[in-house]
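The values are calculated or read from the model by the stated rules, or taken from the named source; none is laboratory data. Computed from a prediction, not measured in an experiment: that's the story for all the values here. Note: ideal-geometry Cβ built from the backbone for every residue, glycine included; neighbour counts use all protein chains shown.
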Amino acid sequence: MRSALVQLPGYRSSNDERKVLRAAIRQLERADLYLGAVGAMELNDVEARRALRRVVAEVGSLRRYLADLRARS
């Protein structure tokens with residue numbers, strides 16, 4: 001797996017590309033858990049809550065995009 005991550009994208013096999021996408025998806029799933037923990041802290045700042053919602057939405061969107069990309073490869 002590590003070698004798939006350090007190879008240039010043009011040189012990855014389709015199998016390596018799927019592995020890289022899966023690793024990225026797992027990392028985004030972990031990020032979502034951490035963001036959930038931050039959300040549970042009940043921040044008393046409107047801007048912080050707004051930014052957190054935006055980041056959570058972006059992480060979810062990227063995860064879905066990569067999952068779709070992986071399914072097509």
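Considering the range 58-73, the residues that are part of a helix (DSSP H, G or I) and small (Gly, Ala, Ser) include one that is farthest from Gln27 (Cα to Cα), namely Ala71. When every residue of the range 55-69 is checked against the conditions, none turns out to be modelled with pLDDT under 90 and not aromatic (Phe, Trp, Tyr).
Can we say Tyr11 is out of contact with any Phe, Trp or Tyr (no Cβ under 7 Å at 6 or more places or on another chain) and modelled with pLDDT under 90? For Tyr11, the condition - out of contact with any Phe, Trp or Tyr (no Cβ under 7 Å at 6 or more places or on another chain) and modelled with pLDDT under 90 - is met. Note on the range 24-45: residues that are surrounded by 13 or more Cβ atoms within 10 Å (Cβ to Cβ) and farther than 29 Å from Asp68 by Cβ total 1.
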